[in-house]
1. Can you find, within region 121-143, the residue that is nearest to residue 167 (Cα to Cα) among those that are in a helix (DSSP H, G or I) and near the ligand (Cβ under 10 Å from one of its atoms)?
2. Determine, yes or no, whether residue 118 is outside any helix (DSSP H, G or I) and closer than 13 Å to residue 62 by Cβ.
3. Going through region 83-114 one residue at a time, which ones are among the hydrophobic types (A, V, I, L, M, F, W, C), within 15 Å of the ligand (Cβ to nearest atom) and closer than 16 Å to residue 249 by Cβ?
4. Show the residue pairs that are 6+ apart or on different chains and have beta-carbon atoms under 9 Å apart, the first residue being within region 160-176 and under 15 Å from residue 188 (Cβ atoms), the second being of a type in the set (D, E, K, R) and part of a strand (DSSP E or B).
5. Can you pull out the residues in region 1-32 that are part of a loop (DSSP other than H, G, I, E, B) and within 19 Å of residue 197 (Cα to Cα)?
6. Can you tell me which residue in region 33-57 is nearest to the ligand (Cβ to nearest atom), limited to those that are in a loop (DSSP other than H, G, I, E, B) and touching a Cys at 6+ places or on another chain (Cβ under 6 Å)?
7. Need the failing condition index for residue 208 against (1) more than 15 Å from the ligand (Cβ to nearest atom); (2) closer than 26 Å to residue 125 by Cβ, just the number.
8. Any residue in region 7-21 that's in contact (Cβ under 8 Å) with a residue 24 or more places away in the chain and closer than 16 Å to residue 73 by Cα: show its pairings with residues that are buried (at least 23 other Cβ atoms within 10 Å of the Cβ) and of a type in the set (Asp, Glu) at Cβ separation under 8 Å, as long as the two are six or more apart or on different chains.
Amino acid sequence: MRLLITGGSGFFGSRIGEAYQGICPGHDEMDIIDRESVEEAFEKIKPDIVVHCAAASDVGWCGRNPEESWKMNVEGTENIARACGKRGVKLISCSSDQVYFGNGQKEAHKETEELFPANEYGRQKLEAERRSFLYCKDSIILRLSWMYDTEKRMEKEHGNFMLAFMEAVKEGKAMSYPVHDYRGITDVRLAVDNLEKVFELPAGIYNYGSENNYSSYETVYRLLEKSGLQHGQLSKNEEAFAADPRNIRMDMGKLREHGIEFPDTLNRLAEVFIQSFFL
Ligand SMILES: NC(=O)c1ccc[n+]([C@@H]2O[C@H](COP(=O)([O-])OP(=O)(O)OC[C@H]3O[C@@H](n4cnc5c(N)ncnc54)[C@H](OP(=O)(O)O)[C@@H]3O)[C@@H](O)[C@H]2O)c1
């Protein structure tokens, strides 16, 4: 099986590349915005499966740079889907829980809901999903939650929840987390391990990650408690999302039906933190 990973120098793609010995052309070897460059790379690599991780993944940056990020997230995904579709290559495309922000649903989100993303990044990811299916009907779309690891692989790698938490605990820094924010947070190593089963999934959209019923503030409060630490450095951020509470937590029922399981957010966070911080 020849596995091609786009965005192989990024947070998720680099870990997938290493775990599955995938082929990871650099940005300069395959620019996803440039259709010809994508076609040339596909002709050379002749992949059987593509995991598409290349993207503009910073939500704030996408909002500030809507045109540039649209090219990367939407047109880039279209180019990859066209290349896969015409060759019968299986496409696994990374989407995001942010597509759910804004549809007013208070429960954990399911894949079948109608969506009205409230930010530019969410809108781009939803349109990228649509174009994946339009040009490659065998696409598997993974709606990923916020992912973390205990280590940074490369200097330029973006930060993550666990690294920020570990640093705050170590240095006794103040931490403030929103009370009006509900989302899953997932150990990237499990997301990578479970991909083996994703390769066998039928085409479709799947929520992919750990479930979480607690707000971000409650999650951190309970994480400190489970780890035997005091709450003194933690405060509530009551302002963020106060006007429009954010619920992007996802229901993993469909994924479970297909035999793929993640532990819940809090238990896994506590396990990973205790193992890497104290032991
Ligand atoms: N990390 C998370 O918590 C998270 C959560 C939900 C969804 N996701 C989604 O999961 C996917 C992977 O996220 P990530 O965190 O691994 O992203 P990331 O660390 O920001 O990596 C993005 C990758 O895309 C590459 N890239 C950017 N523009 C490109 C272009 N024009 N042509 C080719 N490559 C290009 C970058 O290469 P250069 O650095 O060389 O430009 C980098 O390797 C994305 O679709 C993201 O939206 C991530």
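1. Top of the filtered list is 121.
2. Yes, satisfied.
3. Selection gives 99, 101.
4. Here the result reads 162/187, each pair linking region 160-176 to a residue that is of a type in the set (D, E, K, R) and part of a strand (DSSP E or B).
5. 1, 2, 21, 22
6. Only one residue fits best here, namely 53.
7. (1)
8. No pair meets every condition.
The values are calculated or read from the model by the stated rules, or taken from the named source; none is laboratory data. What you see is a predicted model, and the numbers here were worked out from it, not measured in a lab. Using ideal geometry, Cβ is built from the backbone for each residue, glycine included, and neighbour counts are taken over all protein chains shown.
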